[in-house]
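**Student:** Got a structure for you, written out below as C-alpha cells; questions coming shortly.
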Amino acid sequence: MAATNERLREPEKEPRIKRSATRSLSRLWPYVRPVRARFLMAAGVAAVASCMGLVIPLVLKWLVDGPVADREPGGVWLGGALLLGLGIAEAGLFGVRRWLVARPLAFVEASMRADLYRHLQRLPVSFHDRWASGQLLSRATTDLMLLRMFLAFPLTFLVVNGVTVLVGFAILLAQQWTLGLVLLLPAIPLIVLCSVFETRYAVVARTVQDQTGDLTTVVEEGVLGIRIVKGFGRHRSQARAFRALTGRVRSTELHKAGLLATIWALIMTLPELAIGAALVLGTVQVADGDLSAGTLVAFLSTALTLRWPVESLGFLLAMSQDAATATDRFFEVMDEPTAEQSTADQSTADQSTAERPTAEVSTAERSAAPQRSTSRNGTPRTAPQDGLRFEGLEFRYADAPPDAPPVLAGIDLHIRSGETMALVGATGSGKTTLTALVPRLHEPTRGRITLDGRDITTLPRDELRELVAVAFEEPTLFSATAGENVLMGAAGAAEADLVRALQVAQADFVHALPQGADTQVGEQGLSLSGGQRQRLALARAVVGQPRFLVLDDPLSALDVHTEALVEAALRQVLATTTALVVAHRPSTVLLADRVALLSGGRIAAVGTHHQLLGDSAEYRSLMSGIERIEREEAR
C-alpha cells in the first residue's frame, strides 16, 4: 500500500505552469458553441429577471412618497398588486432560465464524457501504464459534474450579477449620488481580496481534486483485490491506509473551506459596513429635508437587493476555480497524443534518417504463390506468403532511464507463412513485450515489423487488428455474457463461429452455465475459475480465424488433462495461421514448427525443439528445469 501511495503522489510533485482560470475555461467553448443560443437566451432571461428585482424599490419609493404620504388606500392596493406581479414575473423568468439550460447542459456533459472515453480508447498502452485508473475515473465523473455545475450556475450568474450590479449602481447614483459613492468605497478592497483569494484557492482546488483521484484509485483497487485482502487478512492495514488518505483529503478540504469562509466573511462585511454608513448619512439628510423618505427607502431597498450579487462573488469565484481546475484535468487527458498521432510524429522524426533496406527474401519465398485469405467480415483478400518478420527491432519504455539498456535489441526473426514459432526465454527476457509490439500495443523504438511484407505502421489499426488476434497470459473479461466476451474477438462473427471457438479452447463448460453463453460472467470474470477465464480468452482470439495469431502463454492456468485437449484442438487452428506462441512448457513448445530462444532482449538461437536441446545449454536448462517442476507437481 505504501508503494501505491508513493506512485499516486508522483503527479503532485511535477511542477505546474501557472494558468489563468479564464484561459482554462475558454477551452470549453467548442462544447458550448453548439448550444450557445440557448445559453445566451438563458443569460438574457436571468438578467431581465434580476434587473426586474431592481424595479421593486422604485415601486416602494412611489408608494411611500405617494399613496402612503397622501393616505390613499387605492394607491396602496395598486402598489401591492404591482409588487406581487413583479415578484411572480421574476420567479417565472428564473424558472424559464432553468428550463432553457437543462437540455444543453445534459448535451455538453454527455459530449465531453463521450469524447473522453473515445480518446481513452485511442491512447497508447504506455499512457495507461503511467496513469492510475482512479485519476481517469475522477476526471470522467467528479470533474465533469463540476463543469456541469459551473455551466448551470456560476457562468450565467457571473454575467447576470455583473449586469445587475452595474444597473443597480446606476439607479443608486441617479437617486442620490453622494450615498452611491459611499456604497462604492468597498469596491477596490474587494477586487484586491478576490485576486488574492483566486490565486490561493486555485492551488488548493487542484490538490483536493488530485487527492480525490488517488482516493478513487485506492477504493477501486480494494474492491477488485478484495480476495487478496481477505485471503491475507489485510483488511485492517488496508483500512488504516485508507483512513490516512482520507485524512489528507479531509485536511485539504478543511483548508479549502477555511479560505472560502474567510473571503465570504470579508465580502459580506465590507458591503454591510457601507450600507450602514449610507443609512446613517441618508437619515441625516432626511432629517435635514434634503432627501425624501421614499427616496431613502428605495435607495436602501436597492442596496439590499444588490447584497446577494456582491456577496455571492466569493462563492461564484470558488466554483469557477473548481471548474477551471476540472477543465485543466480534463484536457490533460485530451491533450495526450493518440497512438496514431504518436506514430505520425515518430514517422516525421525518422524522415531525416536513411531508410533501412528491406531484408533479403530467399528464392523459395520469392517464388511462393500469393495466398488468398478471408478477412473477419468475409471479404476475400490476396496477400503474399511472407509471414511475420521482425527486422532490426529495438524497444525501450518511455519512462526508462536514459542509460538503461533497451528491453529488446537487434531482434531479427522471420516466422514463415503458416508456421508456428514458439518463443522461449527466462522470466524478464522480454517475451511479453515482443508479443505486444505485433498488434501495436507499444511502438518499436527502432526497426520494423512486417505482416506479409507490409510494415505494420502503414496499416490502419482496424485492419491490423483484423489481421492479428492476441491472447494474453492474464485474461481480461468484461461485465457481459460469456458469448459476448468471446465474440469481441471478431466483428460480425456468427453463432457457428462461437461454437467452433469454444470447442477449440475446450470451453464447453459455457453450455453448462445457468443461461449458457448468455450467462453474465461478472466484473473481470471473477465468477469463473482462472482456467475458465483463460479458455474464454483463447476462444476470443481464435473466433475470427485471424491471419496471424499471437498467444502469450495461453495455457498456463490449465491442468495437464485440459491442456492436452486444448493443444490437440489448437493444432488444427495453428495449421492454417501464422502464429507466435510464448511457451513455458515443453508440451506447448511441441506445438511449434520452430523455437526462438530470447535471452537478454536478443534472439540467442532459432531452430527446432530437438536442435536447440542439442545446441543450446541455456535452452536445455530452461526445458529441464520446467520438466523437473512438472514432475514434482505431478507427484
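**Student:** Considering each residue of region 583-607, count those that are β-branched (Val, Ile, Thr) and at pLDDT below 90, and give that number.
**Tutor:** Of region 583-607, the ones β-branched (Val, Ile, Thr) are 588-589, 595, 603, 606.
Now drop any that are not at pLDDT below 90, which leaves 588-589.
The total comes to 2.
So that you can scan it fast, the table gives a plain yes or no per residue for (1) of a type in the set (Gly, Ala, Ser); (2) at pLDDT 85 or above:
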residue: Ser111; (1), (2): yes, yes
residue: Val125; (1), (2): no, no
residue: Thr142; (1), (2): no, yes
residue: Met145; (1), (2): no, yes
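**Student:** Count, please, the residues in region 199-223 that happen to be over 21 Å from Thr142 (Cα atoms) and touching a Leu at 6+ places or on another chain (Cβ under 9 Å). Full working, then the answer.
**Tutor:** Within region 199-223, the first condition is being over 21 Å from Thr142 (Cα atoms), and the residues that meet it are 199-200.
Add one more test, that the residue is touching a Leu at 6+ places or on another chain (Cβ under 9 Å), and what stays is 200.
Residues in region 199-223 being over 21 Å from Thr142 (Cα atoms) and touching a Leu at 6+ places or on another chain (Cβ under 9 Å): 1 in total.
**Student:** If you don't mind, there's one more thing I want to ask. Confirm whether Arg448 is surrounded by fewer than 21 Cβ atoms within 10 Å (Cβ to Cβ), modelled with pLDDT of 85 or more and in contact with an Asp or Glu (Cβ under 8 Å, 6 or more places away or on another chain). Reasoning before the result, please.
**Tutor:** Working: surrounded by fewer than 21 Cβ atoms within 10 Å (Cβ to Cβ): yes; modelled with pLDDT of 85 or more: yes; in contact with an Asp or Glu (Cβ under 8 Å, 6 or more places away or on another chain): yes.
Answer is yes for this residue.
**Student:** Given the options Ala517, Ala541, name the one that is at negative phi, assigned to a helix (DSSP H, G or I) and surrounded by fewer than 23 Cβ atoms within 10 Å (Cβ to Cβ).
**Tutor:** Working: Ala541 fails: surrounded by fewer than 23 Cβ atoms within 10 Å (Cβ to Cβ).
Only one candidate qualifies: Ala517.
**Student:** Against the conditions (1) over 17 Å from Leu555 (Cβ atoms); (2) of a type outside the set (S, T, N, Q); (3) surrounded by 14 or more Cβ atoms within 10 Å (Cβ to Cβ); (4) in contact (Cβ under 8 Å) with a residue 24 or more places away in the chain, where does Ala491 fall short? Just the number, please.
**Tutor:** Among (1) over 17 Å from Leu555 (Cβ atoms); (2) of a type outside the set (S, T, N, Q); (3) surrounded by 14 or more Cβ atoms within 10 Å (Cβ to Cβ); (4) in contact (Cβ under 8 Å) with a residue 24 or more places away in the chain, the lone unmet condition for Ala491 is (3).
**Student:** Let me ask another. Please verify whether Phe150 is more than 30 Å from Ala298 (Cα to Cα), buried (at least 17 other Cβ atoms within 10 Å of the Cβ), aromatic (Phe, Trp, Tyr) and modelled with pLDDT of 85 or more, treating the condition exactly as stated.
**Tutor:** yes
**Student:** Right, another one. Which of the numbered conditions does Glu272 fail, given that it passes all the others? Conditions: (1) surrounded by fewer than 12 Cβ atoms within 10 Å (Cβ to Cβ); (2) over 25 Å from the mean Cα position of the chain (by Cα).
**Tutor:** (1)
**Student:** Where in region 548-623 are the helices (runs of 4 or more DSSP H), entirely inside, with at least 1 residues that are of a type outside the set (Lys, Arg), without any contact (Cβ under 8 Å) to a residue 40 or more places away in the chain and under 20 Å from Arg535 (Cα atoms)?
**Tutor:** Numbers: elements: 560-574, 586-589, 609-615.
Per the criteria, 560-574, 586-589.
**Student:** Given the conditions (1) within 25 Å of the chain's Cα centre (by Cα); (2) open to solvent by 50 Å² or more (accessible area, probe 1.4 Å), and given that Thr427 satisfies all but one, which numbered condition is not satisfied?
**Tutor:** Unmet for Thr427, out of (1) within 25 Å of the chain's Cα centre (by Cα); (2) open to solvent by 50 Å² or more (accessible area, probe 1.4 Å): (1).
**Student:** For region 544-562, name all the residues that are touching a Leu at 6+ places or on another chain (Cβ under 7 Å) and open to solvent by less than 10 Å² (accessible area, probe 1.4 Å). Before you say what the answer is, go through the steps one by one.
**Tutor:** Residues of region 544-562 that are touching a Leu at 6+ places or on another chain (Cβ under 7 Å), as a first pass: 546-548, 550, 554.
Phe548, Val550, Pro554 - these are the residues of region 544-562 that are touching a Leu at 6+ places or on another chain (Cβ under 7 Å) and open to solvent by less than 10 Å² (accessible area, probe 1.4 Å).
**Student:** Let me ask another. Between a residue in region 433-455 that is free of Cβ contacts under 8 Å to residues at least 40 places away in the same chain and over 11 Å from Leu388 (Cβ atoms) and any residue that is open to solvent by less than 10 Å² (accessible area, probe 1.4 Å) and among the aliphatic types (A, V, I, L, M), which pairs come within a Cβ distance under 7 Å, given they are 6 or more apart or on different chains?
**Tutor:** Thr433/Leu408
**Student:** Under 9 Å between Cβ atoms, at least 6 apart or on separate chains: pull out the pairs that start in region 201-221 with a residue that is among the aromatic types (Phe, Trp, Tyr) and end on any residue that is at pLDDT 85 or above and open to solvent by less than 10 Å² (accessible area, probe 1.4 Å).
**Tutor:** Listed by first residue and then by second, the contacts come to Tyr201/Gln321.
**Student:** Sticking with this one: Do you know which residues across region 131-147 are open to solvent by less than 60 Å² (accessible area, probe 1.4 Å), assigned to a helix (DSSP H, G or I) and either out of contact with any Phe, Trp or Tyr (no Cβ under 9 Å at 6 or more places or on another chain) or over 24 Å from Ala46 (Cβ atoms) (or both)? Can you show your working first?
**Tutor:** The first filter runs over region 131-147 and keeps only residues open to solvent by less than 60 Å² (accessible area, probe 1.4 Å), leaving 131-136, 138-140, 142-144, 146-147.
Then drop every residue that is not assigned to a helix (DSSP H, G or I), which leaves 133-136, 138-140, 142-144, 146-147.
Listed by number, the residues that qualify are Ser133, Gly134, Gln135, Leu136, Ser138, Arg139, Ala140, Thr142, Asp143, Leu146.
**Student:** Would it be correct to say that Leu300 is among the aliphatic types (A, V, I, L, M) and either open to solvent by less than 20 Å² (accessible area, probe 1.4 Å) or under 48 Å from the mean Cα position of the chain (by Cα) (or both)? So that I can check it myself, show each step before the final result.
**Tutor:** Details: among the aliphatic types (A, V, I, L, M): yes; either open to solvent by less than 20 Å² (accessible area, probe 1.4 Å) or under 48 Å from the mean Cα position of the chain (by Cα) (or both): no.
Here the answer is no, as Leu300 does not meet what is asked.
**Student:** Only one residue in Arg243, Arg234, Arg200 is at pLDDT 80 or above, open to solvent by 70 Å² or more (accessible area, probe 1.4 Å), of a type outside the set (Asp, Glu) and under 24 Å from Ser133 (Cα atoms). Which one?
**Tutor:** Numbers: Arg234 fails: at pLDDT 80 or above; Arg200 fails: under 24 Å from Ser133 (Cα atoms).
After ruling out the rest, the residue left standing is Arg243.
**Student:** Still on this structure, please answer the following. For region 80-101, indicate whether the set of residues that are among the basic types (Lys, Arg), within 39 Å of the chain's Cα centre (by Cα), open to solvent by 80 Å² or more (accessible area, probe 1.4 Å) and modelled with pLDDT under 80 is non-empty.
**Tutor:** Step one: list which residues in region 80-101 are among the basic types (Lys, Arg), which gives 97-98.
Retained after the next criterion (residues that are within 39 Å of the chain's Cα centre (by Cα)): 97-98.
Filter once more, keeping what is open to solvent by 80 Å² or more (accessible area, probe 1.4 Å): 98.
From what's left, modelled with pLDDT under 80: none.
No; the residues of region 80-101 include none that is among the basic types (Lys, Arg), within 39 Å of the chain's Cα centre (by Cα), open to solvent by 80 Å² or more (accessible area, probe 1.4 Å) and modelled with pLDDT under 80.
Yes/no per residue for (1) outside any helix (DSSP H, G or I); (2) surrounded by fewer than 17 Cβ atoms within 10 Å (Cβ to Cβ); (3) at pLDDT 85 or above:
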residue	(1), (2), (3)
Val159	no, yes, no
Val167	no, yes, yes
Leu173	no, yes, no
Leu181	no, yes, no
Gln209	no, no, no
Val218	no, no, no
Val223	no, yes, no
Lys230	no, yes, no
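**Student:** Only one of Leu487, Leu498, Leu464 is of a type outside the set (Ser, Thr, Tyr) and either at pLDDT below 85 or within 26 Å of Gly392 (Cα to Cα) (or both). Can you tell me which? Can you show your working first?
**Tutor:** Values: Leu487 fails: either at pLDDT below 85 or within 26 Å of Gly392 (Cα to Cα) (or both); Leu498 fails: either at pLDDT below 85 or within 26 Å of Gly392 (Cα to Cα) (or both).
Of Leu487, Leu498, Leu464, the one residue that is of a type outside the set (Ser, Thr, Tyr) and either at pLDDT below 85 or within 26 Å of Gly392 (Cα to Cα) (or both) is Leu464.
**Student:** Being surrounded by fewer than 23 Cβ atoms within 10 Å (Cβ to Cβ) and over 22 Å from Leu574 (Cβ atoms) narrows it down to one residue among Asp497, Asp462; which is it? Before you say what the answer is, go through the steps one by one.
**Tutor:** On the way: Asp497 fails: over 22 Å from Leu574 (Cβ atoms).
Result: Asp462 is the single residue among Asp497, Asp462 that is surrounded by fewer than 23 Cβ atoms within 10 Å (Cβ to Cβ) and over 22 Å from Leu574 (Cβ atoms).
**Student:** Shifting gears a bit: Can you tell me how many residues within region 232-272 are farther than 21 Å from Val203 by Cβ, assigned to a helix (DSSP H, G or I) and charged (D, E, K, R)? Talk me through it step by step, then tell me what you get.
**Tutor:** At the first step, the residues of region 232-272 found to be farther than 21 Å from Val203 by Cβ are 232-244, 268-272.
Those still in the list that are assigned to a helix (DSSP H, G or I) too: 235-244, 268-272.
Next, only the ones that are charged (D, E, K, R) stay: 236, 240, 243, 272.
Qualifying residue count, region 232-272: 4.
**Student:** Here are some residues: Ala140, Ala132, Ala89, Ala81. Which one is in contact (Cβ under 8 Å) with a residue 24 or more places away in the chain and under 30 Å from Ser292 (Cα atoms)? Lay out the reasoning, then the answer.
**Tutor:** Numbers: Ala140 fails: under 30 Å from Ser292 (Cα atoms); Ala132 fails: under 30 Å from Ser292 (Cα atoms); Ala81 fails: in contact (Cβ under 8 Å) with a residue 24 or more places away in the chain.
Just one listed residue meets the conditions, Ala89.
The values are calculated or read from the model by the stated rules, or taken from the named source; none is laboratory data. Computed from a prediction, not measured in an experiment: that's the story for all the values here. All Cβ positions, even for glycine, are placed from backbone atoms using ideal geometry, and neighbour counts span all protein chains on display. Ligands, DNA and RNA are stripped out before the accessible areas are found, and what is left, the full protein with its side chains, is counted by its heavy atoms. Shrake-Rupley method; radii C 1.70, N 1.55, O 1.52, S 1.80 Å.
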